[in-house]
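Chemist: First the structure, then my questions, so here it is.
Just so it is clear, none of the values below were taken in a lab; they were calculated from the coordinates. Remember, predicted model here, so these are calculated numbers, not experimental data. Cβ: placed from backbone, ideal geometry, glycine included. Neighbour counts: every protein chain shown.
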Ligand code: A2P
């Protein structure tokens, strides 16, 4: 039910996968799950290129995989842009529809780009939480770090739901629930709707409220690592903040104390 006919043949060298579930959070955000091609290997935190078979030359957009590397489905968390070349159509997908995906995954928000430490801070805004949804469900994260602090800032309360459900489900997860118990902290804020905590994460860290709210020591490159994912402006500001605190950007070639990835839109 709900499946619509393909209008165009599947291009060569892409995976054609089936939509398994769709969940709409707000008129701006939704998540969906698709079948996973058996041959797809990816590191938790990486992104893939997603499209729809609705044109001769389909439009592809980068999507961070939100599910962990061990999952036999792929999950994504997406914005809906009314006139976005892909998301204006993608937001209409239903169970049984076909989504196409290029074969290679890539990305910088990977554990191997960070050196080991005690605490891992995942700083996200909007759909930038997606790669962290993957990493939070990856046992390797807990092998490398004792504590994980996930921050998620959105315009309004309803946009925080995806992350709240994600973290709540961690404890009951049959595969990693034992690992995550008591080690993951979620820190939410809103910027455009009244809530129990308001403000951009840069302001909350800058003022020290972030530390006093959580009762934790200040960010310190000796003990901490940072992963950042959000809009272009958010990345620039959080990156500058991290660098001002003595953190250095890492890569697979040269692992260090923070990594950055843009949350893609369109
Ligand atoms: P604000 O409402 O003040 O713009 P978006 O959905 O537009 O990507 O925004 C997601 C969240 O990221 C919003 O709460 C937004 O706050 C926040 N944000 C936008 N720009 C920055 C920035 N430069 N630094 C920190 N947070 C930001």
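Chemist: Mind checking the log10 I(q)/I(0) for segment 14-102 at q = 0.10, 0.11 Å⁻¹? Debye, one equal scatterer per Cα, no solvent, two decimals.
Modeler: For the requested q values the scattering log ratios are -0.22, -0.26.
Chemist: Measure nothing fancy, just the Cα-based angle from helix 161-172's long axis to the longest principal axis of the chain, in degrees from 0 to 90, nearest 10.
Modeler: 80 degrees
Chemist: Can I ask one more? Per DSSP helix of 4 or more residues, -39500 (n - 2.57); summed, then divided by the residues of the chain. What does that give at 222 nm, rounded to the nearest 500?
Modeler: Calculated at 222 nm, the ellipticity per residue is -5500 deg cm²/dmol.
Chemist: Could you work out the Kirkwood radius for the chain, taking every pair of different alpha carbons, averaging 1/r and inverting it, reported in Å?
Modeler: The answer is 18.9 Å.
Chemist: What's the angle, to the nearest 10 degrees (0 to 90), between helix 232-244's Cα axis and the longest principal axis of the chain?
Modeler: Taking the Cα atoms of the chain, the angle to 232-244 is about 30 degrees.
Chemist: Another question, if that's okay. Could you give the length gained on full extension between residue 173 and residue 146, defined as 0.36 nm per residue of separation minus the Cα-Cα distance, in nm?
Modeler: Full extension from residue 173 to residue 146 adds 7.9 nm.
Chemist: Taking a point 7 angstrom from the Cα of residue 92 along the C-beta vector, which residues in segment 8-29 have backbone N less than 14 Å away?
Modeler: Label zone hits: 8.
Chemist: Also, quick follow-up: At q = 0.15 Å⁻¹, what is the log10 ratio I(q)/I(0) for segment 112-216, with the Debye formula run over Cα points and no solvent?
Modeler: Values returned for q = 0.15 Å⁻¹ are -0.62.
Chemist: Right, next: By average Cβ neighbour count within 10 Å, what is the ranking of 100-112, 141-153, 122-134, 42-54 from highest down? Present the calculation step by step, with values, prior to reporting the outcome.
Modeler: Numbers: 100-112: 18.1, 141-153: 20.2, 122-134: 27.0, 42-54: 21.9.
The packing order, highest mean first, is 122-134, 42-54, 141-153, 100-112.
Chemist: Could you give the length gained on full extension between residue 20 and residue 164, defined as 0.36 nm per residue of separation minus the Cα-Cα distance, in nm?
Modeler: Values: separation 144, 0.36 × 144 = 51.84 nm, distance 2.18 nm.
Extending this stretch completely gives an extra 49.7 nm.
Chemist: Per-residue counts of other Cβ atoms within 10 Å, averaged by peptide: what ranking do you get for 74-86, 224-236, highest first?
Modeler: For the peptides 74-86, 224-236, the packing ranking is 224-236, 74-86.
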